[in-house]
1. Do you know which of the residues in region 37-53 that are assigned to a helix (DSSP H, G or I) and in contact (Cβ under 8 Å) with a residue 40 or more places away in the chain is nearest to SER13 (Cα to Cα)?
2. If the requirement is being at pLDDT 90 or above and not in a helix (DSSP H, G or I), which of these qualifies: LEU25, LEU33?
3. Would you check which residues across region 40-69 are more than 10 Å from the chain's Cα centre (by Cα) and surrounded by fewer than 17 Cβ atoms within 10 Å (Cβ to Cβ) and list them?
Amino acid sequence: MDQIKESAVIKRSVVLDGHKTSVSLENEFWRALREIAAREKTNVSKLVGRIDRGRTNVNLSSCIRVFVFNYFRSQGASSLITPLEGGKRSLSEYGTSPILVSPEPNHFQTDK
C-alpha cells in the first residue's frame, strides 16, 4: 500500500524562461530530478528548462520521464548510489531522438 502512495502523481511549479508552469510527475521522478540536478550542479528548474528546450511536440512530463530513465539507464544500477565522475558528462547524452537536451549552461533562465 505504501508503494502505491509513493507513486502518486504530484503537480509542482517550475520556472521556465521566467514563467511558472506546472508539471505533474510521480514522486519518484521528482526525487530523481533533484538527484540529477545535484549531480550536475544545477537546480530542478534549470534542468527542466534544458529538457523543455529540447523537446518537440511531446508532453513535458513524458519528456522528463524519458530523460530521467535514460540518465540512470546510461549510468547503470550503481548510479543510484555513486555520484557522476566529476559531473563532467554532458546532459545531452540522456535525451532521446527527437528529444535533445542542450548541455549549454548559458541557455538558462534564473529562478529569481
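1. By that ranking, first place goes to SER45.
2. LEU25
3. Answer for region 40-69, where residues must be more than 10 Å from the chain's Cα centre (by Cα) and surrounded by fewer than 17 Cβ atoms within 10 Å (Cβ to Cβ): LYS41, ARG53, THR56, ASN57, VAL58, ASN59, SER62.
The values are calculated or read from the model by the stated rules, or taken from the named source; none is laboratory data. Keep in mind it's a predicted model, so treat the numbers as computed, not measured. Neighbour counts are summed over all protein chains in view; Cβ atoms, including those assigned to glycine, are modelled from backbone coordinates with ideal geometry.
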